[in-house]
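Notes follow the structure.
None of the figures in this text is laboratory data; all of them are computed from the coordinates on show. Source: prediction; values computed, not measured. No Cβ is skipped: glycine too gets one built from the backbone with ideal geometry, and neighbour counts run over all protein chains shown.
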Amino acid sequence: MIYLLRQILPTLLLFCTVGFLFGGNPALAQSGGTEPAISARSSAVDDAAIARRLGSIYREINGLNTINVQVKAGVVTLTGKVANNQLIAQAEALANRVEGVVAVTNNLEEETSVDERLTPVFERVAIRLNEAIRYLPLIAVALLLWLLFILVGWFMTSRDWPWSRIAPNIFIADLLKQFVWIVFILAGALLALDIIGAGTIIGTVLGAAGIVGLAVGFAVRDTVENYLASILLSLRQPFRPKDFVDIEGQEGFVTRLTSRATILLDASGNHVRIPNAVVFKATIINYTRNPERRFEFDLGVDSESALDVALETGISRLNDLEFALDNPPANGWIEAIGDSNIVLRFCAWIDQNQTDFVKARSEAMRLTKKALESAGFALPEPIYRLKIDSMPTGAALLPSVEQTPQENRKPEPKAPAIEDKAHLNVEADSTISRQIDEERDNSKRNDLLTEQAPSELD
């Protein structure tokens, strides 16, 4: 029991105190302590003063001078017609701010008469026209200043010097010119706006331009990506003109680098256009960068062959080729063991500036195969073994075939003897190189690749 009294007693005392404070003081209980109490006495003099004060205020504000004000016992009643709802709300707010006003009864109506609605509009238009006429000299000066900035920017950016000395290539030089010209245009516009006193709209214009630029950036994201990739590729120069490259599986000779794409000319003379955004992120294999290039090919020999002798025979034949480099020498190894043969892989090096890669590989394959055959190594075709579990008695394994006596058989014709040396022209083909030179001569202005620009591989 004592424990319960200890728990309940503080709560009972708190309720008694609150009841005494708010129940024993009616004025405090009614007001709640937040709103001022309304006086019990009314005065006609105070009502008239409120009406006069509000009337004088409304007469000084354009659009509120037609409002009728009536005040009784501190309650303000507003009647009449105004041009729009904003003026109605403004009139009520002003009435609530006057001292002595208890409440406001807003009976204002929006004006629907055509004459009454158009008259303020015409007045505002006339005011704006008068202001524009007074600003005409300042506007003319501002336009002349803006035009002067545009002309100065055009004069500076229409010359090749000094941009050709500052920028590493034509593309970057043109980009710098455009940037400088835009700076002159914006600077002239800002000064012109400041002259006519319209500096407050500069922030709005710049904000709108930023939003529009963001929207346009998302819309032309791929174009912007290609443009930026073109700038970086023109600075890095990952390849030179006429380099034979492999870009994401597309092989060809580099012809041009434009502001949007990299143009390749494949071995068949076809133009391959690759977007610069793809080129910038791609893995590029440059076959021309190192003039020494290795070719490889596979040859199969019988599984019973002496593999060391076969490898030595093939390597020796490759080292004897005139177009094969002595250093590094040719080489060979066992690549795989097949079902019916052993695959040998041979390789040799050539100088691409003097020798055509495809022709050299083809001729090396022909001569190495002939050397192996001459040495007695067979190059077998696939062999299949058949296992027969049972066969009827007396059945022949093969159909009867009339046998021709050995001595009556005609000798098989032999292939004509071919001189065992390279007889094909394996010199580097200049057809593609000539076509690239002609195309580059006709489109120098649109090419971002230059022989003199530094390369990222230098």
What is the ratio of the Cα radius of gyration of the range 292-384 to 2.2 N^0.38 Å, where N is its residue count, to two decimals?
1.08
Residues with amide H under 5 Å from that of V104, placed H, sequence gap 5 or more:
V76
Taking R0 as 56 Å, what FRET efficiency do you get between I127 and E438 from their Cβ-Cβ distance, rounded to the nearest 0.05?
0.20
Least to most buried among R366, R134, by other C-beta atoms within 10 Å and fewest first, runs R134, R366
Dipole magnitude of the range 265-387, debye to nearest 20 (Cβ charges: Lys/Arg +1, Asp/Glu -1, about Cα centre)
580
Computed from the beta carbon distance with a Förster radius of 56 Å, FRET efficiency for W154 and D326 to the nearest 0.05 stands at 0.35
Pairwise label distance in nanometres, A428 with I284, each label 7 Å out on the Cα-Cβ vector:
1.9
Give the calculated FRET efficiency between D222 and K369 to the nearest 0.05, with a Förster radius of 51 Å applied to their Cβ-Cβ distance.
0.50
Any idea which of H271, I285, S303 is furthest toward the positive side of the dipole for the range 256-304, if Lys and Arg beta-carbons carry +1 and Asp and Glu beta-carbons -1?
H271
Net charge over other residues, Cβ less than 14 angstrom from the Cβ of V309 (K, R count +1; D, E count -1):
-4
